[in-house]
Every structure is written in structure tokens, then in C-alpha cells.
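Inspection log for the structure reproduced underneath, given as C-alpha cells.
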Amino acid sequence: MVAAMPTIPTPTSGAPSSEPDADTIYVLAAHPHWRESRANRRLRDAALRLPGVRVNDLYASYPDYAIDVAAEQQRLAAAELLVLMHPIQWYSMPSLQKLWMDEVLGYGWAYGPGGHALRGKSLWLVASTGGAQDSYHPAGYNRYFFDAFLPPYEQTAALCGMRFLPPLLLHDARRAPESELAAHVEVFAQRLGSYPDWPELAELEDCPECMVPAGDRPQAQGAR
Ligand SMILES: Cc1cc2nc3c(=O)[nH]c(=O)nc-3n(C[C@H](O)[C@H](O)[C@H](O)COP(=O)(O)O)c2cc1C
């Protein structure tokens, strides 16, 4: 079970925002309709203002869904922390974020034999939901605690040898009071700015080694 972490006119270029020499944090900001966004837009804009943070607006970068796998792998390899930032859609990630995972986290590169490119790095989910926190309850219309939807993220990190950091979540994102949204954005920016000096990191166990038998995944998707 994963404990959730307690709970800023804007560049819109699709290209990764800043290209400083030592980006240690790579933020994948995936929202299919930024103009309709209340929460993620504010988070994206906060990240764009921070030094050492590379922000990739996925839907602007790849409107045709043609992901530049080599470039993405290069950015990932250079980073220490990968941030997946998006609205929860159908209890999961937006489709382009999923395609990014399918193509960039290649067998033989991110996992599987010889796939050690991400080992020792960290993955941080920063997500918003339309449902209020009490809807994510056995008695609510979402029927499960929100933690029940996290294993695919957590196990993806594990398979790649990455630490899965406690997610930062904003529930009821479209109706949360402005003060709550502002505090959420502030926590997000403060966390990005202070990484890796997060008190809870010392308590996180190292990721267990996950061996994927060669026959389980197609070799054709190996290291590119
Ligand atoms: C196609 C689609 C699917 C969605 N699925 C979910 C869902 O499974 N659970 C949920 O709580 N909210 C769901 N939502 C609501 C979004 O998560 C919510 O509108 C978003 O987090 C608000 O953030 P934003 O202001 O940045 O858009 C969905 C929205 C869309 C458009």
C-alpha cells in the first residue's frame, strides 16, 4: 500500500521547456486539453519556472503521437527523478502518456536483460482526480480506495528498478477551493525544488530486482 503525500501566463511550447546542462528532474506533463485544465495547468506552469527541471508537455510535443523514443530515452537517462503529471482518466493515465511508456520504456533498455538504464532513479506520480476523496471508498461510487489504482504505476517503476515515491494527489480537482489548489501547487513546487532532500526518502526501501524472462516480451522492442 502506498501512502499519498499530504496535500503559477505560460510557455506553451511543446518542446521540453528548459535545456540547462544538469536537469535532474524530468516532468512529463500529459493533459489532452490544457485549455480546460484547472489543476494540472497550474502545476505545469509552476514546474516551468524552476531551474534544473525539464518539462515536456507531451500532447504539444507529440500531437501526432509519433514519440521520439531516442530523445526521450536520452532525457530520461540524464534525469534522476521522473515525474508523471496528469489527470486521472479512466482510473489510469491519459493515452499518450501510456503510449510513451509503451515505447520509451523498452525491453532491454529499461527492463529485462541488459535493461538497466533507469535503475536507481525515482518515479513520482503527481495526479488529479475529478472524484472527491470520499468517492474513492468502498461505499462511494468509485468503490475502491484510490490506492487500489496505483499498482500499475508502482510495479512499472519496480520493473525498471526505480523507486516509487509517495504520490502527490489532488482529489475533486475541478471544485477544490482555490486555497487548497494553491497549497497543492506550492507543495509540488517546493518538492521539486528540494529534491532529493525529502525526509521520507530515507525510509523508502530499495527496489527489489525484478527479472523478466526473455520469452515474456517481444525482443523486437528491445533497446533502440
Ligand atoms: C476521459 C476522462 C476520464 C476521466 N476519468 C476519471 C476517473 O477515472 N476518475 C476520476 O476521478 N476522474 C476522472 N476524470 C476527471 C479528471 O481526472 C479531472 O477532470 C481532472 O483531474 C481535473 O484536472 P484538470 O483541471 O487539470 O483538468 C476523467 C476525465 C476525462 C476527460
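Here residue 77 fulfils each of the conditions (1) at pLDDT below 95; (2) part of a helix (DSSP H, G or I) apart from (1). Of the candidates 208, 218, 196, the single residue that is loosely packed, with under 13 Cβ neighbours inside 10 Å and in contact with a helix residue (DSSP H, G or I) (Cβ under 9 Å, 6 or more places away or on another chain) is 208.
Among the residues of the range 151-163, some residue qualifies, meaning at least one is within 25 Å of residue 25 (Cβ to Cβ), of a type in the set (Lys, Arg), touching a Cys at 6+ places or on another chain (Cβ under 7 Å) and surrounded by 11 or more Cβ atoms within 10 Å (Cβ to Cβ).
When you check residue 119 against the structure, is it of a type in the set (D, E, K, R) and within 16 Å of the ligand (Cβ to nearest atom), yes or no? No: the conditions fail for residue 119. Pairs are defined by a Cβ separation below 8 Å, a sequence spacing of at least 6 or placement on different chains, a first member in the range 132-161 that is within 16 Å of residue 92 (Cβ to Cβ), and a second member that is modelled with pLDDT of 95 or more and part of a helix (DSSP H, G or I); the pairs so defined are 136/146; 142/135; 146/133; 156/101. Output the residues belonging to the range 139-162 that are more than 16 Å from the ligand (Cβ to nearest atom) and touching a Phe, Trp or Tyr at 6+ places or on another chain (Cβ under 9 Å). Answer for the range 139-162, where residues must be more than 16 Å from the ligand (Cβ to nearest atom) and touching a Phe, Trp or Tyr at 6+ places or on another chain (Cβ under 9 Å): 154, 155, 156, 157, 158, 159, 160, 161.
For the range 80-107, taking the residues that are surrounded by fewer than 19 Cβ atoms within 10 Å (Cβ to Cβ) and more than 16 Å from the ligand (Cβ to nearest atom), the one that is nearest to residue 174 (Cα to Cα) is identified as 101.
The values are calculated or read from the model by the stated rules, or taken from the named source; none is laboratory data. Since we're looking at a predicted model, the values are computed, not measured. As a convention, Cβ positions derive from the backbone with ideal geometry for all residues, glycine included, and neighbour counts pool all protein chains shown.
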